[in-house]
Every structure is written in structure tokens, then in C-alpha cells.
Amino acid sequence: MYKPRGVFMRNPDLVPAYLRPGMWGWILHRVTGLLILFYLLLHIWVIGRAAVSPQAFDAIMVTLGTPFWRVLEVGLLACVLYHGINGIRIILFDLGYGIRVHRAWWYATMAVVVVLFIIGAVHMLMPLFAAVVSPAAAAAGPASGGTALVAGAGPAAAALAAL
Amino acid sequence: MRTWAWILQRASGAVLVFALGLHWVVQHHVSPGAEITFAGVHLKLQWLLYLVSDVLLLAFALFHGLNGLRTVILDFRVSPSAAAVLTVVLVLVGLGALLYGVPPIMAFLRG
Amino acid sequence: MQFTVFRFDPEVDREPRYSTYQVPVGEGTTLLEALLWIVDNVDGSLSFRYACREAICGACAMFVNGKHRLACKTQIKDLRADEVVVHPLPHLPIIKDLVVDMSGFWEKYRAIRPYLIAEGLGERELYQSHADRQAIDEMLNCILCACCYSSCPMVWTNPKYLGPAALLKAYRFAGDTRDKGGLERLKLVAGEDGVWRCHTVFNCAEACPKDINITWSIQALKRKLARAAVGLRP
Ligand code: SF4
Ligand code: SF4
Ligand code: FES
């Protein structure tokens, strides 16, 4: 049996293995919420700086199309998906639904988040992978999805190919 | 007041889930294949729905985010006077960000 | 069976430490019996609280093998472990060993006016239907052991938060058809330090040794307050 040491010795319930689903749900909700708020303020600032002229805006958009920012964007997707869907779970609790089966609801929430995240992440990262596997195919244009993001990967594919 | 902060946090959260869905659909599916360019955004913003959803998103996201931050801070031991100062500061930050954030959207609208 | 017990005597120790004991356990031996065996046979300096030894007084709450438990209600065999690790209730000030300072807990319990506010007391019997009484059965099961209180992350960071047990009791009366406290009662739990500090983490419901879903009652209070705020009948 594990004997907690350090801060955990006085507060053994903080040992990660002892945390319950509701606690994880809450911690994740906090962390994603704060990250999204940080992003939002940054976003307002960047767009405010960028929208001074069409050229400035388009230049920044090209930068944000590079793989590094794409991957960060996938992180943002994870945060927003979790915060939004867990938020629905919280609102349902507040309306009085599901309180007696709270554990099952958390697992259901996580399942929905993971499924949507995989779909979204594949969508967003497809062009990057395509560029690695075959730069020509990526340059030829979006084969599937046909979203703005897929098309927007043109410069990203070029950048990766240049590496 | 605390009761309303709680109710509005839920309400704005629900609006955000809806508005974000709309935002995403419009961004990625209404004009498929288009790169994100100034002209493209300009065109899309002409569409009133998009404009409304974008401004809504900004205002509601700011409220939801800053009100949430207030809750997080008040979860720690904070004296009532410090809490009052905090509320004023967060309201100012929110209004400032809104004033900074709306003109760019308008800039897209003018083209 | 090996028992590892958290020890701390603020008058002597500068840091908490563990004591280890070998205790004979049989079919049905409870944790409380094992602790008493240690005191009787090995180490008389070990301190802990108990009174009823049948899960109705709430004195023997502690944190054992990763969970909040009542020592008297916990059978060693049910732990299914090769060792028992015993801690006092986490996050509360320690008086000695497994004995924690509960004064904050009791203060907040008092703050919600934990008694019936009734009209016509002494003139006639206060009738209540079977169904109305059943509606508060769960809240009446609370033995004020503070497992929930010690498990709540809002209590850890904000010592002014009323905490799950007091709020559960607030609903025990707010949901009692005989109580005439009405809005006055709701106001006691409506502030920054009341129900709105609860973020439905469910640690309390997970910790309660009497299997009470405390969050359900707190949510019911929130709904009453929200309804009152928008002008509906609470
Ligand atoms: S609600 Fe449960 S955990 Fe909390 S004090 Fe009552 S019996 Fe103990
Ligand atoms: S449900 Fe509320 S009262 Fe219970 S542990 Fe969580 S925050 Fe605390
Ligand atoms: S001794 Fe009374 S509850 Fe355990």
C-alpha cells in the first residue's frame, strides 16, 4: 500500500491515483477555461493589430498556417471541445439532471469529447500528414473535406517540403 | 448579485456553445475551399448572420471568460473589499477588450 | 496485518511521521477494533476519536487506503489490501495524530440555523405526510462526520465556504414541509460563501460514508435561489 510523503503525507487525498472523475472533470474545466480566456485576449489583440490593412492580415494568416501554429490550434480545439461539452454536463447538473449518476455522465462526456476531438484533429492535421507522405498530393489540392483549413495548408505543405 | 452571476454564466455558456457551432460551420463549410484572406473574411462578414454571430461570440466569450476568472479567484480567500476591486477591474478589462475587438470586425465589414 | 498510522504531536514533533504496527485481524475485525488493539497492547500514545462504534456519531472519520471512511464501519477484510494506511481527515488542522480540529466545521453548521423554524409549536402536532418525510430521508441520514467537508476542494482553498455538510443540513430544513424559514433560510446560503462556491465536483458525494449524494441537495438549493431570483416561486 502506498504511503504518501511530502505534501501528500498531510493531504493524501491529493494523490492523483485517488482523485475521482468529478475532480478530474473540474480540474480540466478550470485549466481549459483559463487557457481559452488567455487565447481569447491574445486573439483579440492579434486580430486588432492585423486588421489595420488587408496585407497585414493576410501576412499574419500565412504565419498562422505553419505547422507549429496548426498543432497549437489542435490544442485549442481540445480545450474548447472539452470546456463546451463539459459545460453542457454542468448545466444539466444545474437543471437537476444526472446528479445521481454523475460518474457515468463524466465518462459519457469524455467519450463524446474524444470522438469529436479525433474527427476534428484529423481534419485539421490531414494536410500536414499529406504533405509529409506526398508533397505533390498535398499541393494538388484538397482531396477530402474541402474545408478552408485543408486548402489553407498550401503554405504549410510548402514549408514542410522545403525542410 | 452572486445568484445572477451564476445564472448568466450558465446562459452565456449555452449561447457560446451554440454560437461557436455556428461560427465553425460558417467558417469552414459555407465557403468551402477558400483560403482565409482579408477579402474572403470581408465577403463573409457581409452576411449579417456571420457578423452577429461574431460580435455575439466576442461579447459573450468576454463575459463568460472574465466572470469565470472572477469565480476562480474568489474560490480562494479574498476579502470583500478586494473582491469589489476585482469586480471593477474585470469589468474594465472586459469593456476595454470589447472596444478593442469590435472595430477590427467593422474594418472587415467596410473592406 | 501491517498497519501504518500517521502520527503527529504538535507539542513534540516538527514533522508528521508514520508508526507501523502488526495487528492480528480476523473475520469481521473493524478498523476501530484494530486501532483500539494497538492502544491496548502496543502504543498507548496513539490518539483518535470514537464514540458510538456503530456509524451513528460521526466521530471516527479518517482517510484510509485512499478513501474517506468511518473506522467503526470499515472491516479490514473489505479493504482487500495487504496493508492498512491510516491518515487523519485531510486538509483540517491536526490536534494530535488522527484527531483533527473540527471547530470551523461546527461554526458553519451553526451558521445555517440547524433547527426547525416552525409556527404554532406546542399548540398542535406538526403533521407531515409519509411522502414529504421521505423527501428528506437522505439528508437526515447525515451523522456530521466531516468526511465530505474535508474532501471538498472549495473548503481547502476558501476557509469561509460553508461546505457540503452545512449546505446539506440547510436543505434538510429548506426541504422540510414543516419548516417556515422560507426565504430567510435561503438567504443564509446565498452569499459568496454559500452554495455558489460549489462547482459540482462531487468529491463530497464520493467521500460520504453514509452514501449521501450531498451535491443533490446543494443543487436543489441553487435551483430554489435561482427561481427566487427570476421571480418564480422557490
Ligand atoms: S453528509 Fe455524509 S460525509 Fe458529510 S458529514 Fe454527513 S455523513 Fe459525513
Ligand atoms: S459537489 Fe460542491 S460541495 Fe461537494 S465537494 Fe464538490 S464543490 Fe464541494
Ligand atoms: S464511532 Fe461513531 S461513527 Fe464511528
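The values are calculated or read from the model by the stated rules, or taken from the named source; none is laboratory data. These numbers come from a predicted model, not from an experiment. Cβ placement follows ideal geometry from the backbone for every residue including glycine, while neighbour counts extend to all protein chains displayed. Protein only, heavy atoms only, side chains kept; ligands, DNA and RNA dropped before computing areas. Shrake-Rupley method; radii C 1.70, N 1.55, O 1.52, S 1.80 Å.
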Solvent-accessible surface (1.4 angstrom probe) belonging to B:L8, in square angstrom, nearest 10: 80 Å²
In the stretch A:1-74, the trypsin sites (Lys or Arg not before Pro) that fall in loop regions by DSSP, at most 11 other Cβ within 10 Å: A:R5
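Treating only the Cβ atoms of Lys and Arg (+1) and Asp and Glu (-1) as charged, compute the dipole magnitude of the stretch C:1-64 about its Cα centre; round to the nearest 20 debye. Each step should come with its number before you reach the end.
Details: 5 positive and 9 negative charges, 26 e Å.
For the stretch C:1-64, the charge dipole is close to 120 debye.
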Point-to-point label distance, A:L116-B:V72, nm (Cα→Cβ direction, 7 Å offset): 2.0 nm
Length released on extending from C:E83 to C:R110, taking residue separation times 0.36 nm less the Cα-Cα span: 5.9 nm
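If one takes the accessible area of chain C alone plus chain A alone and subtracts that of the pair, with a 1.4 Å probe, what total in Å², rounded to the nearest 100, results? It would help to have the intermediate numbers written out before the result.
Working: alone 12380 and 11180 Å², together 20690 Å².
Result for this pair: about 2900 Å² buried.
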Chain C: Cys lacking any partner C-beta under 4.7 angstrom: C:C60, C:C72, C:C142, C:C145, C:C147, C:C152, C:C198, C:C208
Fraction of accessible area attributable to carbon and sulfur, the protein assembly as shown (%, probe 1.4 Å): 66 percent
Burial ranking of peptide ranges B:13-19, C:183-189 (average Cβ count within 10 Å, highest at the top): B:13-19, C:183-189
Alpha-carbon spread of the stretch B:2-110, three principal axes, descending order, Å: 53, 24, 19
Shielded residues, the stretch A:64-99 - accessible-area loss of 40 Å² or more between chain alone and all protein chains, probe 1.4 Å: A:I91, A:F93, A:D94, A:I99
Calculated log₁₀ intensity ratio I(q)/I(0) where the Debye formula runs over C-alpha points of the stretch A:6-128, q = 0.09, 0.13, 0.17, 0.19 Å⁻¹: -0.39, -0.71, -0.98, -1.09
A:I60 versus C:N141: modelled label distance in nm, points set 7 Å from Cα along the beta carbon direction: 5.7 nm
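Mind checking how much accessible area B and A bury in total, 1.4 Å probe, in Å² rounded to 100?
Values: alone 7570 and 11180 Å², together 16340 Å².
Protein heavy atoms only, the B-A interface buries about 2400 Å².
What does the accessible area per residue of the stretch B:2-110 come to in Å², with a 1.4 Å probe and no ligands, DNA or RNA counted? Write out the running numbers ahead of the final one.
Working: 5560 Å² over 109 residues.
I get 51 Å² per residue for the stretch B:2-110.
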For the stretch B:1-21, residues shielded by at least 20 square angstrom of accessible area compared with the chain on its own, probe 1.4 Å: B:R2, B:T3, B:W4, B:W6, B:I7, B:R10, B:V17, B:L20
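Test of the criteria: in the stretch C:1-41, which GluC sites (Glu not before Pro) are in a DSSP loop and have at most 15 other Cβ atoms within 10 angstrom of their Cβ? It would help to have the intermediate numbers written out before the result.
On the way: sites: C:E11, C:E27, C:E33; in loops: C:E11, C:E27.
The qualifying sites are C:E11, C:E27.
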FRET efficiency, C:D132 to B:L99 (Cβ-Cβ, R0 45 Å, nearest 0.05): 0.25
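Once Rh is set to the Kirkwood radius over Cα pairs, what Stokes-Einstein translational diffusion coefficient, in µm²/s, holds for the protein assembly as shown at a temperature of 10 °C and a viscosity of 1.306 mPa s?
Details: Rh = 26.4 Å.
Approximately 60 µm²/s, per Stokes-Einstein.
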Debye, to nearest 20: dipole size of the protein assembly as shown, +1 on Lys, Arg Cβ, -1 on Asp, Glu Cβ: 820 debye
Extension gain (nm, one decimal) between C:C52 and C:E11, 0.36 nm per residue minus Cα-Cα: 11.9 nm
Label-point gap, in nm, between C:T4 and A:K3 - each point 7 angstrom along Cα→Cβ: 0.5 nm
By accessible area with a 1.4 Å probe, ligands and nucleic acids excluded, highest first: order of A:I119, A:I88: A:I119, A:I88
The stretch C:54-135 shape via C-alpha gyration tensor axes, a/c threshold 1.5: oblate
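Could the peptides C:145-157, B:85-97 be put in order, highest first, of the mean number of other beta-carbon atoms found within 10 Å of their residues?
Details: C:145-157: 25.2, B:85-97: 13.8.
Packing order, densest peptide first, comes out as C:145-157, B:85-97.
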Of every Cα-Cα pair in chain C, the percent that sits beyond 28 Å: 38 percent
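If eta is 1.306 mPa s and T is 10 °C, what Stokes-Einstein diffusion coefficient results for the stretch C:103-229, Kirkwood Rh from Cα pairs, in µm²/s?
Working: Rh = 14.8 Å.
Estimated diffusion coefficient is 107 µm²/s.
Using a simple charge model, +1 on the beta-carbon of Lys and Arg, -1 on the beta-carbon of Asp and Glu, nothing else, what dipole does the stretch C:75-234 show about its Cα centre, in debye to the nearest 20? List each step's numbers first, then the result.
Working: 22 positive and 19 negative charges, 127 e Å.
It comes to approximately 620 debye.
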Positive-end extreme of charge dipole, the stretch C:103-229 - chosen from C:P159, C:A170, C:W106 (charges on Cβ): C:P159
